Protein chains: 2
Amino acid sequence: MIYGSLEAGGTKMVCAIGDENGKIFEQVKFPTLTPEETMPQIFDYFKSKNVQALGIACFGPIDLRKDSKDYGSITSTPKKGWSGYNIVKAAKEALNVPIGFDTDVNGSLLGEITYGCAKGLTDAIYLTIGTGVGGGVMSNGKLLHGMLHPELGHIRMPLLKNDPGKSICPFHDNCLEGLTSGPSLAARWGKTADLLVDNKEVWEIEATYIGTALASYVLTLSPQKIILGGGVMHQEQLFPLIREKFKEALNGYVVTEEMDHLEDYIVPASLNDDQGILGALKLAIDAYAEK
Amino acid sequence: MIYGSLEAGGTKMVCAIGDENGKIFEQVKFPTLTPEETMPQIFDYFKSKNVQALGIACFGPIDLRKDSKDYGSITSTPKKGWSGYNIVKAAKEALNVPIGFDTDVNGSLLGEITYGCAKGLTDAIYLTIGTGVGGGVMSNGKLLHGMLHPELGHIRMPLLKNDPGKSICPFHDNCLEGLTSGPSLAARWGKTADLLVDNKEVWEIEATYIGTALASYVLTLSPQKIILGGGVMHQEQLFPLIREKFKEALNGYVVTEEMDHLEDYIVPASLNDDQGILGALKLAIDAYAEK
């Protein structure tokens, strides 16, 4: 059985085919232009591979409410041409197979839970810190949607007195994304992350915001593990610093065994940046099983 | 069939008996002294009523992990005599009936979901703002435990420049509980909440912190409704102010129908302060059904 997997991002679309064991046979990429330019070649690709179901892990915000008339749509993105585009409906019409659908970050989390470092957990978080900051959440064994879906990058943060920058989020003057995303680092320090590796102050401030946010996620979502991915998190020196700042933010209030082993609790993504495509594969497998 | 319901608080223990329809037949209260002084009379009460199961909604932190050797214990409370006390084990030994167990705030939420204003929802929050600040969470149709259980009152907040006070939480110098609980109001303004009703600045600051925290809960937990209870929330003038500050904190980032009807989204507890005892009753009913 061949399943299709689409990691739909604002910059590129990653397409793959794989099997029910999480084996990926091939991957192709297309730049994300307009839906009219981009989607037909993607659907042609999956059609030519004769996929039995397709999973889509999609940039957002998206409408995930199964009873909504707009289920499957990308809602209010500033990305030209995509606001209101119903990617699930289009895929269904083009391929006529079951379509699984969730956020890009829920997809990455599902990849880690099915095939990676969070295997078997019922409550976990995947946070990506890159061009933006976003997070996927599994809660009580299911990906969390609730009213909409989590938007972990936009919680308000206490500002640090020694922070020379300010939020670059157009919505919030002190949210996590505005203070810690890759573009925020570049705006604050005048260079991209890879050119700032030796500047300790950069990572001290970055880790304080991230560690404080993770503490808030623990106090709200109570995850059994937190996985950090995205471009900024390729700076491996951040991990020990984030664990230290996280501990300072909780300050001993949460007492569990996990808190004594933070190196196993706050961890890097484990699937070589394939977590998204593997999660979308699992969305396809689940959609096929449910049909 | 008669079920027992115990709302175990740090100040008082409320005991009730009721039926599977949520009808409460009687309620009695005992002050919370030490376990040795308090618990035998409670168990005697329930024994005399011949309850078929008991639900306990308990102050915490508590151990909710069913596979833990300490399942049913109150863990690290400063309350004298209660740290390490296993209330479930003691109840089981005394009554020999199925025991349901959860946090006090999860109990209140369960009451509202079963019998009150959140009926039928799968994702909701109950936040109490009183002597302390705590919250119960339902996620994907189940009360949220995860690693431990949520501790919504301890997320870190951006401090307001015009706030004349400071956090009274011994753990955190800028957490929600430290800034908005009843004792915090009293410390900040030199009077208790009921004597501050006419001071607009008090409620402006209080509502800003609460509204900002609710925005963070929406961005993390994505609830379909937020219910506010506890002593401070008896100040009804807070509700419109909180909704306004909540809206300012999100600043249009989350677009759903619920956001256009905040008067139905951020609401007062609906069960005349019986939400806890009704939730504990439901814990008993569920424990009996599962036995």
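The values are calculated or read from the model by the stated rules, or taken from the named source; none is laboratory data. On a predicted model such as this, the values are computed, not experimentally measured, just so you know. For neighbour counting, all protein chains shown are included, and Cβ atoms are generated from backbone atoms with ideal geometry for every residue, glycine included. Ligands, DNA and RNA are excluded from the accessible area calculation, which covers all protein heavy atoms including side chains. Shrake-Rupley method; radii C 1.70, N 1.55, O 1.52, S 1.80 Å.
The residue pairs whose first member lies in segment A:167-183 and is within 14 Å of chain B (Cβ to nearest Cβ), whose second member is of a type in the set (F, W, Y), and whose beta carbons are closer than 7 Å, counting only pairs six or more residues apart or on different chains, are A:F171/B:Y253; A:L176/A:Y209; A:L179/A:Y209. Within this structure, B:G116 fails the test of being open to solvent by less than 20 Å² (accessible area, probe 1.4 Å), closer than 19 Å to B:Y288 by Cβ and modelled with pLDDT of 95 or more. Out of all the residues in segment A:202-212, is one or more charged (D, E, K, R), open to solvent by 20 Å² or more (accessible area, probe 1.4 Å) and within 14 Å of chain B (Cβ to nearest Cβ)? Scanning segment A:202-212 turns up no residue that is charged (D, E, K, R), open to solvent by 20 Å² or more (accessible area, probe 1.4 Å) and within 14 Å of chain B (Cβ to nearest Cβ).
Within segment B:95-108, the set of residues being part of a strand (DSSP E or B) and under 19 Å from B:G153 (Cα atoms) comprises B:D102, B:T103. Every condition in (1) more than 14 Å from B:E93 (Cα to Cα); (2) free of Cβ contacts under 8 Å to residues at least 24 places away in the same chain; (3) not basic (K, R) holds for B:Y45 except the one numbered (2). Take A:S68 and decide whether it is modelled with pLDDT under 95, surrounded by fewer than 22 Cβ atoms within 10 Å (Cβ to Cβ) and over 26 Å from B:T122 (Cα atoms). No, not satisfied. Looking at the structure I just gave you, is A:D102 open to solvent by less than 50 Å² (accessible area, probe 1.4 Å), charged (D, E, K, R) and within 14 Å of another protein chain (Cβ to nearest Cβ)? For A:D102, the condition - open to solvent by less than 50 Å² (accessible area, probe 1.4 Å), charged (D, E, K, R) and within 14 Å of another protein chain (Cβ to nearest Cβ) - is met. Only one of the numbered conditions (1) under 18 Å from the mean Cα position of the chain (by Cα); (2) open to solvent by less than 10 Å² (accessible area, probe 1.4 Å) is not met by B:D274, and that is (2).
Assigned to a loop (DSSP other than H, G, I, E, B) and either open to solvent by less than 30 Å² (accessible area, probe 1.4 Å) or at pLDDT 95 or above (or both), is that true of A:S76? Considered against the rule, which asks whether it is assigned to a loop (DSSP other than H, G, I, E, B) and either open to solvent by less than 30 Å² (accessible area, probe 1.4 Å) or at pLDDT 95 or above (or both), A:S76 comes out as no. Inside segment A:149-163, residues that are at the interface with chain B (Cβ under 7 Å from one of its Cβ atoms), open to solvent by 20 Å² or more (accessible area, probe 1.4 Å) and either free of Cβ contacts under 8 Å to residues at least 40 places away in the same chain or out of contact with any strand residue (DSSP E or B) (no Cβ under 8 Å at 6 or more places or on another chain) (or both) make up a count of 2. Candidates in segment A:233-263 are the residues that are of a type in the set (D, E) and either assigned to a loop (DSSP other than H, G, I, E, B) or within 12 Å of chain B (Cβ to nearest Cβ) (or both); of these, the one that is surrounded by the most Cβ atoms within 10 Å (Cβ to Cβ) is A:E258. Any chance you could count how many residues in segment B:215-231 are open to solvent by 10 Å² or more (accessible area, probe 1.4 Å) and more than 10 Å from every other protein chain (Cβ to nearest Cβ)? Of the residues in segment B:215-231, 2 are open to solvent by 10 Å² or more (accessible area, probe 1.4 Å) and more than 10 Å from every other protein chain (Cβ to nearest Cβ). Of all residues in segment B:127-144, those satisfying the criterion of being at the interface with chain A (Cβ under 7 Å from one of its Cβ atoms) and either part of a strand (DSSP E or B) or surrounded by 24 or more Cβ atoms within 10 Å (Cβ to Cβ) (or both) are B:S139, B:K142, B:L144.
Among the conditions (1) facing chain A (nearest Cβ under 9 Å); (2) within 28 Å of A:L143 (Cβ to Cβ), the only one that B:G111 does not satisfy is (1).
Per the listing B:K69, B:K92, B:K29, the residue uniquely free of Cβ contacts under 8 Å to residues at least 40 places away in the same chain, assigned to a helix (DSSP H, G or I) and of a type in the set (K, R) is B:K92. You will find that of B:S184, B:S216, B:S270, the residue that is among the hydroxyl-bearing types (S, T, Y), over 18 Å from A:E151 (Cβ atoms) and part of a helix (DSSP H, G or I) is B:S184 and no other.
To keep it simple, each residue is scored yes or no on (1) in contact (Cβ under 8 Å) with a residue 60 or more places away in the chain; (2) in contact with a Lys or Arg (Cβ under 7 Å, 6 or more places away or on another chain); (3) open to solvent by less than 20 Å² (accessible area, probe 1.4 Å); (4) outside any helix (DSSP H, G or I).
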site: B:L110; (1), (2), (3), (4): yes, yes, yes, no
site: B:I125; (1), (2), (3), (4): yes, no, yes, yes
site: B:M147; (1), (2), (3), (4): no, no, yes, yes
site: B:G165; (1), (2), (3), (4): no, yes, no, yes
site: B:V197; (1), (2), (3), (4): no, no, no, yes
